[in-house]
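Worksheet for the structure shown next.
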Amino acid sequence: MPSLTIDGRRVELRGGETILAAARRAGIEIPTLCHVDGLPPSTSCFLCAVQVHGRPTLSPACAMPAADGMVVATDSEDIRASRKMALELVLSDHIGDCVAPCRATCPAGLDGPAFIACMARGEHRRAAEIVSEGLVLPASLGRICPRPCEAACRRRDLDGSLSIGALHRFCADRDLASGSPYVPAREGPTGRRVGIVGAGPAGLAAAYHLLVRGHAVEIFDAHALPGGMLRYGVPAFRLPREVLDGEIAVVRALGAELRMGLKLGRDVRLDDLRRDFHAVFVALGAQGSRGLGIPGEELALPAADLLERTAEGRPPELGGEVVVLGGGSVAMDSSRTAVRLGARSVVVFYRRSRREMPCLPAEVEAAEAEGVRVEPSVAPVRLERRGSGRLLLTYVRTEPGEPDASGRRRPVPVPGSETAIEATCVVAAVGQSVETDGVLDCDCLRPSGDGIAVDPRTLATSIEGVFAGGDAVTGPDLAVRAVGAGKLAAASIDQHLRGLKVVGDPGLLNVLMGRLDGAQFAALFPGAARSPQAAMPELVPGPRRASFDEVELGLAEAEAVRDAARCLGCGCARALDCRLRVEATRHGADLARFRGERRPPWRDATHPLVVYEPGKCILCGACVRAAEEAREPVGLSFTGRGFEPAVAPCLGAAMAEGLAAAAPRAAQVCPTGALALRSGARGGCRQG
Ligand SMILES: Cc1cc2nc3c(=O)[nH]c(=O)nc-3n(C[C@H](O)[C@H](O)[C@H](O)COP(=O)(O)OP(=O)(O)OC[C@H]3O[C@@H](n4cnc5c(N)ncnc54)[C@H](O)[C@@H]3O)c2cc1C
Ligand code: SF4
Ligand code: SF4
Ligand code: SF4
Ligand code: FES
């Protein structure tokens, strides 16, 4: 019987078969892009390269006929390098967004276009479900997240981003107000138990995603109530406690057991948790307060104390003149809290320029609207108590000096600028630190930089079965990053509990277009008309100085739906099954290796069923062959728009004529999202 050998296995020969077909019949996988079963080969991608013994170069398995006695290798270092290079060449001028920019930049990966499309159609319940499954604490984060997604939103290339945070806040608020908030279904019980330390955003997010996967979860927390810094840090005028409580109730309803008032290192030990649970997630945040590093620093009130005591309803006595030192969100929250606690004058000193303040400009504007004076380029020198009991803060003006390790210019004192201010209270809001001393009884949980050392891909610590994330790892950071860390930890812990290799989030590689100029935007989104971003209604500054009522009031339904309708539905229709993306990820392709000049992005959306985007076209010709197979009267062929090769209907006809009957088949055989069914033709919500 004639045969060939593939990867050392004898495979019976069948007449007219290619190496690819013979290998597949034998269960040996060879990756392909341009190949389509049943259509003639085009050999344009060379991903299917194999080594045929006796041939000096690699051969395309999809076109090379199998022959008696042939010896073929489908995997070797050379073959892998060749395939990787083939993919990198294809990607060198690929232009498109695999996932929507908003989704790619949300640290928790919320699928913006999917929930926003539902909102635009008025399907608020479905939108709330998508939001809830993608983002734990969506109503809270919709209020306090600094919204990196909006900075990346494609709509900014036209007239301003969508109000993404306000939109998921709208969905989640409405869901909470419904009286029966969405609680996702859980997979069947796995019998595995996870102990979580810390009921802040990271711990709650990990709990949510572990519970959904069928594991049991117990959360231990030193405080009386859950929520972490969202409860004991962020003031109620930015995040009402009933909103936080409602969101935590969803995690409880899923089955989380919360054991409050138990401190790791005092009431429970890490070793106990390792014994009692199949895995442990340490998410104890950054609870320590950094000192000012000046003589008399002990006289300052740590911002964490001010905010925590206020949150607990027992605020400290501040007196009438308050100075806050720091320039981040904590400093702004402290100053605005001091205003509400009755201080007559509140001033914030920050040692660098206003532009360098780590908080959002909107936070400074809100504080100033409430009467806070913000003075940048001021550094404290010493703090003393006067005989009168008042404090005297000596400070200097600063100017930018040489760059420091972070690349920012170090503030240096302006000679002769020393001066002093009297105050009834000085609040130190210069940062928090991770407290591990006496808490983690095992010195193998090594600190690294600001927090606990982990493998950043998986959040695994050096101890088997123990993971860590959130501020405890990064140092003081953002709530949405803590929520993202909880989600990642849940994925890793789930893999660990199921005895799988722990890889964290096995996500796919992302191509992103970056900013578009006006002409490029118009070519990609020809129908988009200008429409302003929804603005958040607010309490007026006067009355809000006197109460802890929420300042940002939330979007009205009509405005939320109008803003949702502005969404461009970015992201590739084939994001999940694009063969180029899947293979590029699998082969570790480097997107930048052969980065050439990018093609001008445009799309042909004239066909009623499919959309063609030449920037994603790898010129494999599968659609051309599909049109030929269907005997399309006009059909498609390769063309060059100037120097830009693409496929186009023959004889300058419209796309609808070129693909009169074969459009669905052509979209199906396209290995990328270059030729894709319109979302209406695919059915369901758009996934970004
Ligand atoms: C004043 C302030 C304002 C902020 N504003 C914003 C904002 O506007 N936007 C934003 O995105 N982020 C903001 N943040 C940051 C955000 O709150 C944190 O990044 C986030 O809460 C970190 O989540 P986490 O779960 O890692 O830790 P945490 O929220 O700190 O939660 C840790 C939990 O662990 C518990 N714990 C600690 N030690 C132990 C122990 N030994 N045993 C048991 N339990 C323990 C704590 O009680 C706490 O509940 C702000 C923070 C502060 C302080
Ligand atoms: S959590 Fe933040 S980054 Fe993520 S979608 Fe919401 S506002 Fe955007
Ligand atoms: S236009 Fe819509 S899908 Fe595109 S980035 Fe903005 S919110 Fe996301
Ligand atoms: S549009 Fe046609 S030529 Fe371009 S990648 Fe898709 S199938 Fe290949
Ligand atoms: S050359 Fe064989 S699949 Fe492309």
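Could you please report the charge total around residue 332, scoring K, R as +1 and D, E as -1 over all other residues with beta-carbon less than 11 angstrom from its beta-carbon?
Details: positive: 238, 336; negative: 333, 363, 365, 368, 370.
Once positives and negatives cancel, what remains is -3.
Could you compute how fast the range 516-618 diffuses translationally, taking Rh as the Kirkwood radius over C-alpha pairs and applying Stokes-Einstein at 25 °C with viscosity 0.890 mPa s? Give it in µm² per second. Before the final figure, lay out the partial values.
On the way: Rh = 18.3 Å.
It diffuses with D of about 134 µm²/s by this estimate.
Which whole-angstrom value gives the distance between the alpha carbon centres of the range 1-48 and the range 265-303?
First find each Cα centre; the distance between them is then 59 Å.
Measuring from label point to label point, each 7 Å out along Cα→Cβ, what is the residue 365 to residue 404 span in nm?
Distance between the two pseudo-spin positions: 2.8 nm.
With all protein chains present and a 1.4 Å probe, how do 450, 272 order by accessible area, largest first?
Details: 450 75, 272 40 Å².
Accessible-area ranking of 450, 272, largest first: 450, 272.
Determine how many Å³ per residue the convex hull of the Cα atoms of the range 83-186 encloses.
Working: hull volume 14.4 nm³, N = 104.
Each residue corresponds to 138 Å³ of Cα convex hull volume.
What distance in nm lies between label points placed 7 Å from Cα along the C-beta direction at residue 26 and residue 565?
Distance between the two pseudo-spin positions: 6.1 nm.
What number in nm² do you get for the range 600-642 if you take the convex hull of its Cα atoms and divide its surface by four?
Mean projected area of the Cα convex hull: 3.6 nm².
If you average the sequence gap of Cα pairs under 8 Å that are 6 or more apart and divide by the length of the chain, what percent do you get for the contact order? Don't jump to the answer; show the numbers that get you there.
Details: 1477 pairs, mean separation 117.9, N = 688.
Once normalised by length, the contact order is 17 percent.
Taking the alpha-carbon distance from residue 616 and a cut-off under 26 Å, which lysines remain once sequence neighbours fewer than 8 residues away in the same chain are dropped?
Within the straight-line cut-off, residue 616 pairs with 84.
Using only the Cα atoms of the range 289-433, each taken as one equal point scatterer with no solvent, compute I(q) by the Debye sum, divide by I(0), and report log10 of the ratio at q = 0.22 Å⁻¹.
-1.52
Compute the normalised compactness of the range 594-682: alpha-carbon radius of gyration over 2.2 N^0.38 Å, N being the residue count.
Taking the Cα Rg and dividing by 2.2 N^0.38 Å, one obtains 1.02.
Select from 462, 475, 576 the residue farthest towards the positive end of the dipole of the chain; place +1 on Cβ of Lys and Arg, -1 on Cβ of Asp and Glu, and compute about the Cα centre.
The residue sitting farthest along the positive end of the dipole is 576.
Distance between the C-alpha centers of the range 202-251 and the range 520-537? Whole Å please.
With the range 202-251 and the range 520-537 each reduced to a Cα centre, they are spaced 36 Å.
Check which residues have an amide H placed less than 5 Å from residue 467's amide H, if you skip close sequence neighbours.
280, 281, 282, 461
Could you state the number of Å between the C-alpha centres of the range 335-381 and the range 542-598?
Centre-to-centre distance over Cα atoms comes out at 31 Å.
How large is the dipole of the chain about the Cα centre if only Lys and Arg carry +1 and Asp and Glu carry -1, each at its Cβ, rounded to the nearest 20 debye? Could the numbers behind the result be given before it?
Values: 82 positive and 82 negative charges, 177 e Å.
Dipole of the chain, to the nearest 20 debye: 840 debye.
First measure r as the distance between the Cβ atoms of residue 9 and residue 187, then evaluate 1/(1 + (r/R0)^6) with R0 = 25 Å and state the FRET efficiency to the nearest 0.05. Before the final figure, lay out the partial values.
On the way: r = 38 Å, r/R0 = 1.52.
About 0.10, to the nearest 0.05.
Quick check on the chain: helices-only [θ] at 222 nm, where DSSP H runs of length 4 and up contribute -39,500 (n - 2.57) each and the sum goes over total residues. Nearest 500, please.
Working: 25 runs with 213 residues, N = 688.
After summing the helix terms and dividing by residue count, I get -8500 deg cm²/dmol.
Normalise the Debye intensity by I(0) for the range 445-602, one equal point scatterer per Cα, no solvent, then take log10 at q = 0.09 Å⁻¹ and round to two decimals.
So the normalised log intensities work out to -0.59.
Classify the range 1-125 as rounded, prolate or oblate from the Cα gyration tensor: take a ≥ b ≥ c as the square roots of its eigenvalues, call it rounded if a/c is under 1.5, otherwise prolate when a/b beats b/c and oblate if not. Show your work: numbers first, answer last.
Details: a/c = 3.19, a/b = 2.41, b/c = 1.33.
Verdict is prolate for the range 1-125.
Which one, 564, 660, 605, projects farthest toward the positive side of the charge dipole computed for the range 561-688 from Cβ point charges (K/R +1, D/E -1)?
Of the options given, the answer is 564.
To the nearest 20 debye, what charge dipole does the range 190-321 have about its Cα centre, counting +1 at the Cβ of each Lys and Arg and -1 at the Cβ of each Asp and Glu?
On the way: 16 positive and 17 negative charges, 125 e Å.
So the magnitude is around 600 debye.
Output needed for the chain: three equivalent-ellipsoid semi-axes, defined as square roots of 5 times the C-alpha gyration tensor eigenvalues, in descending order, whole Å.
Values: eigenvalues 575, 181, 121 Å².
Those come to 54, 30, 25 Å.
Net charge near residue 388, counting Lys/Arg +1 and Asp/Glu -1 over other residues with Cβ under 14 Å of its Cβ?
Working: positive: 385, 386, 390; negative: 321, 384, 422.
Around residue 388, the charge tally is 0.
Taking a 1.4 Å probe, which of 59, 353 shows the most accessible area, and what order do the others take after it? Could you put the intermediate results ahead of the total?
Numbers: 59 0, 353 35 Å².
Correct descending sequence by accessible area is 353, 59.
Can you tell me the accessible area per residue over the chain, all protein chains present, probe 1.4 angstrom, in square angstrom? Each step should come with its number before you reach the end.
Details: 29380 Å² over 688 residues.
Averaged over the residues of the chain, the accessible area is 43 Å².
What does the charge count around residue 190 come to, taking other residues whose C-beta lies under 14 Å from its C-beta (Lys +1, Arg +1, Asp -1, Glu -1)? Write down the numbers at each step before the final one.
Details: positive: 186, 192, 193, 213, 498; negative: 187, 494.
Net of charged neighbours comes to +3.
Share of Cα-Cα pairs in the range 459-518 beyond 13 Å, in percent? Mind showing how you got there, number by number?
On the way: 1189 of 1770 pairs.
In whole percent, the share of Cα-Cα pairs in the range 459-518 beyond 13 Å is 67.
Under a 1.4 angstrom probe, counting protein chains only, how are 332, 260 ranked by accessible area, largest first?
Values: 332 0, 260 50 Å².
Output order, biggest surface exposure first: 260, 332.
Hey, if you put +1 on the Cβ of every Lys and Arg and -1 on every Asp and Glu Cβ in the chain, which of 116, 624, 71 ends up farthest toward the positive end of that dipole?
With unit charges placed on the Cβ atoms, the residue in question is 624.
So how exposed is residue 3, as accessible area in Å² (1.4 Å probe, rounded to 10)?
Rounded to the nearest 10, that gives 20 Å².
Setting aside same-chain residues fewer than 8 positions from residue 487, which lysines have a Cα under 27 Å from its Cα?
Filter leaves 263, 501.
Taking all protein chains in place and a 1.4 Å probe, what share, in percent, of the accessible surface of the chain do carbon and sulfur account for? Each step should come with its number before you reach the end.
Numbers: 15390 of 29380 Å².
Heavy-atom surface of the chain belonging to carbon and sulfur, 1.4 Å probe: 52 percent.
The values are calculated or read from the model by the stated rules, or taken from the named source; none is laboratory data. Computed from a predicted model, the values in this text were never measured in an experiment. Quick reminder, even Gly has a Cβ in these numbers, built from the backbone with ideal geometry, and neighbours come from all protein chains shown. The protein model used for the area step is the full one, side chains on, heavy atoms only, and it has no ligands, DNA or RNA in it. Shrake-Rupley method; radii C 1.70, N 1.55, O 1.52, S 1.80 Å.
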